[in-house]
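Peer 1: Pasting in a structure now, in structure tokens, and then I'll have a few things to ask.
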Amino acid sequence: MKTISAAVEHYIKRKPFLQSALAQGIINLTSLARQVQPEIEQQLGREIRSGAVVMALKRLSDNLEFRATHRIIKVLKEIGEITVRSSLTDYTFLVSDSILQNQMRLLEQVHLRQDVFYTSSRGVNELNIVVSNSLNDIVEEYFEQERLTQKAENLASITVKLPAENVSVPGIYYFIFQRLAWEGIVLYEVISTTNEFTILVDEEQVDKAFTVIKDLKSL
């Protein structure tokens, strides 16, 4: 038979923002218990006391804080170099038979200009290219015959170096992106390698995004 604790944990795990807030101890457990009690009763098929829900939430919040948040914060305190670049343009093209050849032509130009920013990622149907604004004319010339689905200008990138153990701790990226979302920061792109990631944001939001990420080191 399913217990109250199991039902409460199942409910909380389906709501990531609520789970994180609970782990940080910023939610009134009595008020939350009143809200979730009807659904827990429906899951269990019987009436339960609100006090039992409060106790289940209390045990869960203590467990979440130790099991998840503590490990994540330990990794985030070891965040390394944070690099910011501005005046960037984000292009998205549909994948075609000729697009890799055009990308090779672009890379030749990037190689000749060591001061420019360039990064690219490819999905199943789309190819994304982020370059310094100074390369816009070249990109649009070389990819003239390709199908452009999105172009965003006046963007900035923030590249973050993560410690090697980031690959063994679940929730690192969620923890970071959650805080960016709480500040209303829109992410145009997220590009990652094993031990670093780059986010692309509007230049008007780059200072706020940088502060959010930098402050993670002092949690």
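Peer 1: Any idea which residue in the range 176-212 is surrounded by the fewest Cβ atoms within 10 Å (Cβ to Cβ), counting only those that are in contact with an Asp or Glu (Cβ under 8 Å, 6 or more places away or on another chain) and outside any strand (DSSP E or B)?
Peer 2: The qualifying residue surrounded by the fewest Cβ atoms within 10 Å (Cβ to Cβ) is 186.
Peer 1: Can you tell me which residue in the range 123-158 is farthest from residue 88 (Cα to Cα), limited to those that are in contact with an Asp or Glu (Cβ under 6 Å, 6 or more places away or on another chain) and surrounded by fewer than 19 Cβ atoms within 10 Å (Cβ to Cβ)?
Peer 2: Our first condition is that a residue be in contact with an Asp or Glu (Cβ under 6 Å, 6 or more places away or on another chain); within the range 123-158, this holds for 130, 152, 154-156.
Subsequent filtering for residues that are surrounded by fewer than 19 Cβ atoms within 10 Å (Cβ to Cβ) retains 152, 154.
Working: 152: 9, 154: 6 Å.
Looking at the filtered set, the residue picked out is 152.
Computed from the coordinates by the stated procedures, all read-outs in this text should not be read as laboratory data. Everything numeric here is computed off the predicted structure, so don't read it as measured data. Cβ: placed from backbone, ideal geometry, glycine included. Neighbour counts: every protein chain shown.
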